[in-house]
């Protein structure tokens, strides 16, 4: 999947601040936009820290935005806004685009691999989170009272 090889420890913020062209990175995040072109598809992503499986973590912490472009067609209906992807690729020169009226420097990744993560399922209303979690009449020993 996305585990093989050596990756730079560079972050999106570092790639915005200085030229890191040619470094191989493994980044991920949530899709803001998917733009299929003639020969490649580019994703605009809000970068997120990765967990040990290289999946973007569910957090409000952002590493900043970046672009990832991969050869071929990726359907925008599948690679839709809000979906999570992880990419492995080589950093290119930064690209300047506008977010509203703000000019933003996007690190640009030429992606070798793009992995679309399955949608996260919501937790049930009474998600078990310890011996005293859930309805007050139930514990890890069974229904309460248990005498």
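Structure values in brief
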quantity: Residues located in segment 9-22, provided they are touching a residue at least 40 places away in the same chain (Cβ under 8 Å) and either crowded, with 16+ Cβ neighbours inside 10 Å or under 20 Å from residue 57 (Cβ atoms) (or both); calculated: 10, 11, 12, 13, 15, 16, 20
quantity: Condition broken by residue 45, with the remaining ones in (1) surrounded by fewer than 12 Cβ atoms within 10 Å (Cβ to Cβ); (2) within 19 Å of residue 97 (Cα to Cα) satisfied; calculated: (1)
quantity: Of all residues making up segment 84-100, the number that are crowded, with 18+ Cβ neighbours inside 10 Å and not in a strand (DSSP E or B); calculated: 0
quantity: Cβ pairs under 8 Å, 6+ apart, first in segment 101-116 and on the phi < 0 side of the Ramachandran plot and loosely packed, with under 15 Cβ neighbours inside 10 Å, second modelled with pLDDT of 95 or more and outside any strand (DSSP E or B); calculated: 116/78; 116/79; 116/83
quantity: Count of residues meeting criterion [touching a residue at least 40 places away in the same chain (Cβ under 8 Å) and either over 10 Å from the mean Cα position of the chain (by Cα) or part of a loop (DSSP other than H, G, I, E, B) (or both)] in segment 36-73; calculated: 14
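The values are calculated or read from the model by the stated rules, or taken from the named source; none is laboratory data. Bear in mind that the values here come from a model prediction, so they are computed numbers and not experimental data. As a convention, Cβ positions derive from the backbone with ideal geometry for all residues, glycine included, and neighbour counts pool all protein chains shown.
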